[in-house]
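The values are calculated or read from the model by the stated rules, or taken from the named source; none is laboratory data. Source: prediction; values computed, not measured. Quick reminder, even Gly has a Cβ in these numbers, built from the backbone with ideal geometry, and neighbours come from all protein chains shown. What goes into the accessible areas is simple: the full protein's heavy atoms, side chains included, and nothing from ligands, DNA or RNA. Shrake-Rupley method; radii C 1.70, N 1.55, O 1.52, S 1.80 Å.
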Amino acid sequence: MLPAPRAPIRRLRCTRLAVLGAGALALGAPHAFASTDDAPGARLEQTCAGRNGWAEPAPPARIAPETGIKAWYVGTCGITALLLDTGAGLVLLDSGVAEAAPLVLVNIRKLGFDPREVRWLLGSHEHHDHVGGHGALQRETGAHVAALAVAARSLTRGKITLEDPQRGVVSDFAPVRVDRILADGEGLAVGSLVFTPHATPAHTPGSTSWTIASRAPGAPAMTLAYVDSATTVSAESYRFRDHPDRVAQARAGFAVIAALPCDVLVTPHPSASDLFARLSGREALIDAQACARYAARASEYLDKRLSQERANDHQAEVPKS
């Protein structure tokens, strides 16, 4: 049983100085960072130009305010952490590597929030580059963790499963207390938002994509889709042709991703969806077909991987003259 909900925590109220172009504005109200910075996406793209390190600091940026969903990028140059204000506390999707946890906390504070407002901590897949900071952030914020059953088994052990194609090349991470096991498609309602997990086991057995929709009266009927990595990569010795069940799971994951409601696509690796260019306005941010294209590219990648494995098998069978 979960502990009783905590009383609402007052947001941090501090005075900051932000320089926009040649001018300066004194900022004092909560969330002033996000509301007065007229080009947070451009600043994010500029800061991270040529940099995609998993623990390289990046500034926070508001994501698609026209959806009516209060969401911010609070991750690093190479790994997404997604913060959402539900009106009844914060929800954080992904934490990055362990070394990035302090950077995520800094960004949360820059937005005028107290990290103790984070009520739930969710994740995309059970690898150290995306959930390695969960343990530290759970201790710092007191947040509950929710996950699908397959992912929860890895989170509580701090190790990936035996079935993961990347076993042997992915590091262990600090074990995490999982407070709630969600079923595939079971919505987690927090304040004005509903977070729905979708099993998309393409990248890992526990890969989870999330659709986020507002249930506030009068909110636009738009969905933010936090879609997990879908690349079928592996340890060097792993052959997908030897694991037809894993191939079938990946293809099932592609089909789920392609069918997701997807007005705004966000991915755990921002480069996988050109997120920074889209946040800066250089590319379209709202695109209902983005998930379908993302899934198609992943399917093509797997097809090429299987073709290469077949070609390697054929070469091995050809007798040398």
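Quick look at the numbers
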quantity	calculated
Hits in region 100-132 - residues which are among the hydrophobic types (A, V, I, L, M, F, W, C) and free of Cβ contacts under 8 Å to residues at least 60 places away in the same chain	A100, A101, L103, V104, L105, V106, I108, V118, L121, V131
Candidate set from region 144-176 (those that are surrounded by 19 or more Cβ atoms within 10 Å (Cβ to Cβ) and over 18 Å from the mean Cα position of the chain (by Cα)); member that is farthest from E126 (Cα to Cα)	P165
Any hit, region 68-86, residues being within 18 Å of A174 (Cα to Cα), in contact with a Pro (Cβ under 7 Å, 6 or more places away or on another chain), of a type outside the set (V, I, T) and buried (at least 23 other Cβ atoms within 10 Å of the Cβ)	no
Those residues of region 106-128 which are open to solvent by less than 20 Å² (accessible area, probe 1.4 Å), over 16 Å from the mean Cα position of the chain (by Cα) and either within 23 Å of T156 (Cα to Cα) or not aliphatic (A, V, I, L, M) (or both), in sequence order	G112, F113, D114, P115, E117
Any hit, region 80-97, residues being among the small types (G, A, S), on the phi > 0 side of the Ramachandran plot and over 14 Å from the mean Cα position of the chain (by Cα)	yes
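Conditions (1) closer than 30 Å to E66 by Cα; (2) small (G, A, S), marked per residue:
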residue: Q138; (1), (2): no, no
residue: A147; (1), (2): yes, yes
residue: I160; (1), (2): no, no
residue: E163; (1), (2): no, no
residue: R177; (1), (2): no, no
residue: I181; (1), (2): no, no
residue: L193; (1), (2): yes, no
residue: T211; (1), (2): yes, no
